[in-house]
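One structure is given here, and the rest of the page talks about it.
The values are calculated or read from the model by the stated rules, or taken from the named source; none is laboratory data. All values derive from a computational prediction rather than experimental measurement. Here the Cβ positions follow ideal geometry from the backbone for every residue, glycine too, while neighbour counts run over all protein chains shown.
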Amino acid sequence: MPPHDALADRLLERKRAVVKRQQVAEDLRRRIQNGEFKVGDALPGVADLARYYGCSWEVAHRAVWILHGQGLIREPHQGLDTRVIARPEPEEPDVRELLGEVQEAIHSLEAKLKALAAALGD
């Protein structure tokens, strides 16, 4: 394999790890927000998180540090439980996304109403 292919493979793998780390952190954040992990609760250990999420220990470790950076857990230390210290604030919904969903629902209902009117001979 030419050297540039190996470099491209390493870069792609690093990008996948970053994406997975963000996904793990976001899911843990959601679980804290939903009350699965309450303030004062210990998170599972990094090895357990890695098994649960099907990722490497390093990805799980970095995801935990993301939560620490967001002020949701105390600073992780080897051998000590990593405890939840705050619940995240609910995220504001994306108004444009919600508007798009409403518009899609309206178009769907209009199509169904037209089909119903045609079936009734209106």
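Brief remarks on what is shown
- Residues that are at pLDDT 95 or above and touching a helix residue (DSSP H, G or I) at 6+ places or on another chain (Cβ under 7 Å) number at least 1 in the following helices (runs of 4 or more DSSP H) confined to the stretch 5-122: 46-53, 57-69.
- Pairs where the first residue, in the stretch 92-105, is touching a residue at least 40 places away in the same chain (Cβ under 8 Å) and the second is surrounded by 10 or more Cβ atoms within 10 Å (Cβ to Cβ), C-beta under 6 Å, 6+ apart: none
- Any chance Leu43 is over 15 Å from the mean Cα position of the chain (by Cα), surrounded by 15 or more Cβ atoms within 10 Å (Cβ to Cβ) and within 18 Å of His77 (Cα to Cα): yes
- Some residue of the stretch 72-81 being free of Cβ contacts under 8 Å to residues at least 12 places away in the same chain and touching a Lys or Arg at 6+ places or on another chain (Cβ under 8 Å): yes
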